[in-house]
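Below: the structure, in C-alpha cells.
The values are calculated or read from the model by the stated rules, or taken from the named source; none is laboratory data. Note that the coordinates shown come from a computational prediction; the quantities given were computed from them, not determined experimentally. Here the Cβ positions follow ideal geometry from the backbone for every residue, glycine too, while neighbour counts run over all protein chains shown. Ligands, DNA and RNA are excluded from the accessible area calculation, which covers all protein heavy atoms including side chains. Shrake-Rupley method; radii C 1.70, N 1.55, O 1.52, S 1.80 Å.
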Amino acid sequence: MGVIVIVALLLRTVFAYGTSVGGDFALSGGSSGQYHLHVIESILSGSYAIGADAAVNYPLGGLNVYPPLLDFIAAGVASVLSMTGLGSAEAASAALGGLNPVIGALTCIPVYLVAKEMFDKRTGVLAALVYAFLALPIATSVFSSGTEYALAAFLAAFMSYFLVKTAKALDSADTSKAAMKYGLLTGVFLGLAALTWNGFGVLIAVIAAVMLLQAVSDRFKTVDMAIALVPYALAIIVGTVIAAVYYIPAGLL
C-alpha cells in the first residue's frame with residue numbers, strides 16, 4: 001500500500017510540477033481553482049465572509065457557492081509556507097495546488113479499506129492500485145489543480161468505508177452499538193464531504209439506497225426493519241446537520 005500511495009503521488013505530481021512552479025505556482029483548475037485561490041487569500045487577509053462575496057458577479061456581488069473546508073485547510077498550509085519566504089499569493093497558490101496530489105494519493109487508503117471490508121485484503125490492494133491509475137481521479141488531483149474534488153473523493157471514500165461497516169454490523173450478532181457507532185461515523189464523513197462539495201446530495205442518495213436495500217432484505221428475512229433503519233437515518237441526519245451549520249448561514253441550503 002505504501003508503494004501504491006507513492007506511485008499515485010508521483011503520477012499526480014511529476015508531470016505538472018515544473019510547469020506550475022515555473023509559473024509562480026500557476027493553477028490548472030480553471031475558474032473553480034482561481035475562485036478557491038481568491039477565497040484562501042481572503043481568509044488569510046481576514047476579509048472572508050460566509051456566503052456573500054463582492055467579487056462574485058462584480059460589481060453587484062453574489063453568493064460564494066463553494067463550501068469552505070478545502071479553503072480553510074489550504075489557508076492553514078499557506079500560513080506555514082509563508083514562513084519559508086514565499087509571498088502571500090504564492091503561498092496560497094502553492095498550498096492549494098500542492099494539497100490535491102497528496103489527498104488524491106492518500107485516497108488509495110480508504111479505497112483499499114472499502115474493498116478489503118467487502119471482499120478481502122488482496123481485492124483491497126487491487127482496488128487501490130486501480131484507483132491510483134484511474135484517469136479521472138488523476139485529472140482532478142494533479143499538482144496545480146485547485147478544485148475541491150480530490151478532498152471530496154477522499155471524504156466520500158471514508159464515508160463509504162463506514163457505510164459498509166454499518167451494513168456488516170447489522171448482519172452480526174451485536175447490531176445495536178456497533179451499527180450506531182459506524183452510522184455516526186458515516187454521518188460525520190458525509191458532513192465533512194458536504195463542507196467540501198456542494199453536490200453532496202448524491203452521497204445522501206447512496207446512503208438512502210443502501211438503507212432501502214437493507215430494509216427490503218430484512219423484510220424478506222422477517223427481521224425488525226427499525227433496527228436497520230436507525231443507523232442509516234442517523235448517518236443522514238448527522239451529515240445534514242453538519243452541512244446545515246454552514247449552508248443555512250450561507251444561504252445555500
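Descriptive notes on the structure:
- Criterion violated by PRO68 - all others in (1) within 18 Å of SER45 (Cβ to Cβ); (2) more than 16 Å from the chain's Cα centre (by Cα) satisfied: (2)
- Scanning region 110-169 for residues that are of a type in the set (S, T, N, Q) and in a helix (DSSP H, G or I) gives THR123, SER160, THR166.
- If you go through region 121-130 and keep only what is touching a residue at least 40 places away in the same chain (Cβ under 8 Å) and open to solvent by 40 Å² or more (accessible area, probe 1.4 Å), you end up with VAL125, LEU129.
- The single condition among (1) open to solvent by 40 Å² or more (accessible area, probe 1.4 Å); (2) at pLDDT below 90; (3) part of a helix (DSSP H, G or I) that ALA173 does not satisfy is (3).
- For first residues located in region 101-120 and without any contact (Cβ under 8 Å) to a residue 40 or more places away in the chain and open to solvent by 70 Å² or more (accessible area, probe 1.4 Å), partners that are assigned to a helix (DSSP H, G or I) and of a type outside the set (A, V, I, L, M, F, W, C) and lie 6+ apart or on another chain with Cβ distances below 9 Å form the pairs LYS116/ARG122; LYS116/THR123; LYS116/GLY124.
- Applying a threshold of 6 Å to beta carbon distances and a minimum spacing of six or more residues, or different chains, the list of pairs starting in region 235-253 at a residue that is modelled with pLDDT of 95 or more and ending at one that is buried (at least 19 other Cβ atoms within 10 Å of the Cβ) and among the β-branched types (Val, Ile, Thr) reads ALA235/THR186; ALA235/ILE207; ILE236/ILE207.
- Filter result for the condition that a residue is farther than 23 Å from GLY51 by Cα, in contact with a helix residue (DSSP H, G or I) (Cβ under 9 Å, 6 or more places away or on another chain) and surrounded by fewer than 16 Cβ atoms within 10 Å (Cβ to Cβ), over ALA228, ALA208: ALA208
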